[in-house]
Amino acid sequence: AKLKEGLTKTRQNFVGKVEEVFTGRKKIDEELYEELEEVLITSDVGVNTSFELVERLRKEVKQRKISDPNELTGVLQELIAELLGEETGIAFAKQGPSIILVVGVNGVGKTTTIGKLANWLKKDGKRVLLAAGDTFRAAAIDQLEVWGERSGAEVIKQREGADPAAVAYDAVQAAKSRNVDVVIVDTAGRLHNKVNLMEELRKVKRVMEREIPGAPHEVLLVLDATTGQNALQQAKLFQEVAGVTGIVLTKLDGTAKGGVVIGIQGETRIPVKWIGIGEGMEDLRPFVPEDFAAALFG
Ligand code: GDP
């Protein structure tokens, strides 16, 4: 219910406009397809994905010999669910601690997401350790500690300005000696310098790889849904520099820009694994494409 409630504005914005294109029309013509493409683009679905969806819709209409525009909403829902793919869980190590590296720009909800994720994993019976790898801001270290206390996860930190790779090293050593199941590593979110960001992430990754073969097992990118097209741009950038394996899309509650989920999936093919639908510790959900599409179309 919370997902559906959270998606209210997106539903009104996105599906509302889509239905406007379909209803009150007598036939399915070129104008309808053009209008639909425009609505999708303005709903943060992205140019390429909007084009792709309209092409797929054309094909379905032909194949199923659909002539009533009112039937198109259901077909579009199916196509979107299909495009969003299958539910993909977190990849864990077969043996020893699993390492989850969390990347993203400041303010997107990275720390909150780490706290929520720690809570989720703890409830699943796992021993969790957080690594305060955003050493650039003292506030980031403090905030991670707060979330550590809240969720009952241990926190490994160094002073502000310390080398993030050194924090990662400490965390991995602690994880090995304390029998930790999952290490979640926070990273800095400064985007002003792409080369620095890339170097820093590479160094952190290298340290972990050396200590634990196969690490990091996940590189989760946190994106803020309310930023729409910016989120899409960030996904493309981080895909290039950080080897992202999964996306967490935050702040889906209350935004009208939820259509960006479709755009991100269509343009990057990186699976959305979790969604944030509130500020509380319980407000993180695994992303289930079918449920999302159903909630979107209400
Ligand atoms: P960071 O700078 O990326 O670490 O961002 P924070 O974790 O500090 O979060 C920034 C703000 O976004 C805070 O006020 C959080 O409470 C809020 N926030 C994070 N996730 C969500 C979410 O899913 N929904 C809502 N409504 N707010 C969120």
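The values are calculated or read from the model by the stated rules, or taken from the named source; none is laboratory data. Keep in mind the model is a prediction, meaning the values are calculated, not measured. Cβ sites come from the backbone with ideal geometry, for glycine too, and all protein chains shown count toward neighbours. For the accessible areas, the whole protein counts, side chains as well, though only heavy atoms, and no ligand, DNA or RNA atoms are used. Shrake-Rupley method; radii C 1.70, N 1.55, O 1.52, S 1.80 Å.
Suppose the filter is surrounded by 15 or more Cβ atoms within 10 Å (Cβ to Cβ) and within 17 Å of Gly115 (Cβ to Cβ); does Val248 pass it? Against the criterion (surrounded by 15 or more Cβ atoms within 10 Å (Cβ to Cβ) and within 17 Å of Gly115 (Cβ to Cβ)), Val248 qualifies. Is it the case that some residue within region 143-151 is assigned to a loop (DSSP other than H, G, I, E, B), within 11 Å of the ligand (Cβ to nearest atom) and open to solvent by less than 70 Å² (accessible area, probe 1.4 Å)? The answer is no, given that none of the residues of region 143-151 is assigned to a loop (DSSP other than H, G, I, E, B), within 11 Å of the ligand (Cβ to nearest atom) and open to solvent by less than 70 Å² (accessible area, probe 1.4 Å).
Number of residues in region 251-298 that are open to solvent by 10 Å² or more (accessible area, probe 1.4 Å), within 30 Å of Glu209 (Cβ to Cβ) and within 16 Å of the ligand (Cβ to nearest atom): the value is 3. Cβ separations smaller than 8 Å between residues 6+ apart or across chains give the following pairs from region 221-238 residues that are touching a residue at least 60 places away in the same chain (Cβ under 8 Å) and closer than 18 Å to Thr187 by Cβ to residues that are buried (at least 23 other Cβ atoms within 10 Å of the Cβ) and hydroxyl-bearing (Ser, Thr, Tyr): Val222/Thr113; Val222/Thr250; Leu223/Thr250; Asp224/Thr250. Report yes if Ala118 is outside any strand (DSSP E or B), open to solvent by less than 70 Å² (accessible area, probe 1.4 Å) and out of contact with any Phe, Trp or Tyr (no Cβ under 8 Å at 6 or more places or on another chain), otherwise no. It is false that Ala118 is outside any strand (DSSP E or B), open to solvent by less than 70 Å² (accessible area, probe 1.4 Å) and out of contact with any Phe, Trp or Tyr (no Cβ under 8 Å at 6 or more places or on another chain). Taking region 90-108 as the range and being away from the ligand (no atom under 16 Å from the Cβ) and either not small (Gly, Ala, Ser) or not in a loop (DSSP other than H, G, I, E, B) (or both) as the test, the residues that pass are Ile90, Phe92, Lys94, Gln95, Pro97, Ser98, Ile99.
Where the second residue is assigned to a helix (DSSP H, G or I) and among the basic types (Lys, Arg) and the first is without any contact (Cβ under 8 Å) to a residue 60 or more places away in the chain and lies in region 251-273, which pairs have Cβ atoms under 7 Å and are six or more apart or on separate chains? Between residues of region 251-273 that are without any contact (Cβ under 8 Å) to a residue 60 or more places away in the chain and residues that are assigned to a helix (DSSP H, G or I) and among the basic types (Lys, Arg), the close pairs are Thr268/Lys236. When the criteria are applied in full, Val207 meets the requirement of being hydrophobic (A, V, I, L, M, F, W, C), more than 20 Å from Glu86 (Cβ to Cβ) and away from the ligand (no atom under 14 Å from the Cβ).
Of all residues in region 69-89 being in a loop (DSSP other than H, G, I, E, B) and among the acidic types (Asp, Glu), which is most open to solvent (accessible area, probe 1.4 Å)?
Going through the qualifying residues, I end up with Glu86.
Figure legend. Inter-residue proximity from region 168-194: first residues in contact (Cβ under 8 Å) with a residue 12 or more places away in the chain and over 18 Å from Val103 (Cα atoms), second residues of a type in the set (Val, Ile, Thr) and surrounded by 17 or more Cβ atoms within 10 Å (Cβ to Cβ), beta-carbon distance below 6 Å, spacing 6+ or different chains. Indicated pairs: Asp170/Ile156; Ala174/Ile156; Ala175/Val183. Within region 220-237, being open to solvent by less than 40 Å² (accessible area, probe 1.4 Å) and within 13 Å of the ligand (Cβ to nearest atom) holds for Leu220, Leu221, Val222, Leu223, Asp224, Ala225, Ala231, Gln234. Would you please name the residue that is nearest to Gly107 (Cα to Cα), looking only at residues in region 164-197 that are more than 15 Å from the ligand (Cβ to nearest atom) and part of a strand (DSSP E or B)? For region 164-197, the residue satisfying everything is Val183.
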